[in-house]
Amino acid sequence: MLAVTNLTKSFVSPEGGLVQIVHVPAFSLGAGEQVALRGESGSGKTTFLNLIAGILTADGGTVTIDGTEMTALSESKRDRLRAAKLGYIFQTFNLLQGYTVLENVVLGMSFGPHGADRAHAREVLERVGLSHRLDHFPNQLSTGQQQRVAVARALANRPRLVLADEPTGYLDRQHGREALALIREVCREQNAALLLVSHDEEVLGQFETRKDFAGLNEALKEVRP
Ligand SMILES: Nc1ncnc2c1ncn2[C@@H]1O[C@H](COP(=O)(O)OP(=O)(O)OP(=O)(O)O)[C@@H](O)[C@H]1O
Ligand SMILES: [Mg+2]
C-alpha cells in the first residue's frame, strides 16, 4: 500500500546551512496495517507525512502509494492521487474557515472517489460526536471539536491510507481515546492502512510492535510497548 525508499528532505537553517530533517532508507505499510511512529517534537514527523502525501517535495527517494509512484508525478496528479487514496488528519486541522462543519466534510469528499455524499458525511460526523454542530463554522467550535471535524473529513472519503498527525493532540483523555478507537475501527472496516505519528505515550501504547522496519530517521522510532 505504501513504500518509501531513500527518502530525504533538508531545510535551510536560519544560519544558511542545510539541515537534514528526514532520512528514511526504507519504510513500508501493507493494506490494512496500522502503525505508529514515535518522535519527539521537531523530529520530522509532520515533514515525513507531508512528503508521503506529496504536499512537500522530497530532495531524493521515492514514495509509492498503491502502486503509483507519488514522487514521479506532477503537482496536479499528486493532488488527484491524494484525493483518491489518502485521508490526512492534519496536526493543525486545515479546516476551511468560511464553511460549516458539514460543508468542510462534504467538500473534502467532492474531490474523492465517491463524490460528495451528505448523508455519509453526517454519519461520520455523528460518529465523532458532532451531529449537534453540523451548521457551526470552525471558529465557533472548541479546538478539540475542530480536531474531530478533521478526523471526520479524513475518514469520510473511505481512503486506502490514513495519515494521522497527533490526531488526538487537542482532545482530553476520554475524547482522545474515543477518536483513536474510531480512527482504528474505520480503518479496519475499510481495510485502510493507518500511519499515525505521535509523541504521546498514551496513544503510542495502543499500537503493537512491528519488527520489520528496515530503518528510519534516528529520531523517528517505531513503537515498542
Ligand atoms: N519549511 C521549513 N523550513 C525550515 N525548517 C523547517 C521547515 N519545516 C520544518 N522545519 C524544521 O524541521 C524540523 C521538523 O519539523 P516537523 O514539523 O516535521 O516536526 P514534528 O516532529 O512534526 O514536531 P511536532 O511534534 O512539534 O509537531 C523542525 O526542526 C523544524 O524547525
Ligand atoms: Mg508535527
Notebook entry, point to check: When only residues in the stretch 85-103 that are over 22 Å from Asp135 (Cβ atoms) and touching an Asp or Glu at 6+ places or on another chain (Cβ under 9 Å) count, which is farthest from ligand 1 (Cβ to nearest atom)?
Noted result: Lys85
Next item on the list: Hey, could you check the stretch 127-142 for residues that are under 24 Å from Leu86 (Cβ atoms) and assigned to a helix (DSSP H, G or I) and say which is least open to solvent (accessible area, probe 1.4 Å)?
Entry: Pro138
Next item on the list: Go through Thr64, Thr8, Thr71 for me and flag whichever is in contact with a Lys or Arg (Cβ under 9 Å, 6 or more places away or on another chain) and of a type outside the set (D, E, K, R).
Entry: Thr71
Next item on the list: Output the residues belonging to the stretch 27-52 that are in a loop (DSSP other than H, G, I, E, B), open to solvent by less than 40 Å² (accessible area, probe 1.4 Å) and more than 13 Å from ligand 2 (Cβ to nearest atom).
Entry: Gly30, Gly32
Next item on the list: Would you please name the residue that is farthest from the chain's Cα centre (by Cα), looking only at residues in the stretch 157-192 that are under 13 Å from Leu49 (Cβ atoms) and of a type in the set (A, V, I, L, M, F, W, C)?
Entry: Leu161
Next item on the list: Mind counting the residues in the stretch 145-175 that are open to solvent by 10 Å² or more (accessible area, probe 1.4 Å) and assigned to a helix (DSSP H, G or I)?
Entry: 7
Checklist line | Any pair with Cβ under 6 angstrom, 6 or more apart, that starts in the stretch 111-126 at a residue that is open to solvent by 70 Å² or more (accessible area, probe 1.4 Å) and ends at one that is of a type in the set (Val, Ile, Thr) and part of a helix (DSSP H, G or I) | finding: Arg118/Val106
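The values are calculated or read from the model by the stated rules, or taken from the named source; none is laboratory data. Bear in mind that the values here come from a model prediction, so they are computed numbers and not experimental data. Note that each Cβ is placed from the backbone with ideal geometry, even for glycine, and that neighbours are counted across all protein chains shown. Accessible surface areas use protein heavy atoms only, side chains included; no ligands, DNA or RNA. Shrake-Rupley method; radii C 1.70, N 1.55, O 1.52, S 1.80 Å.
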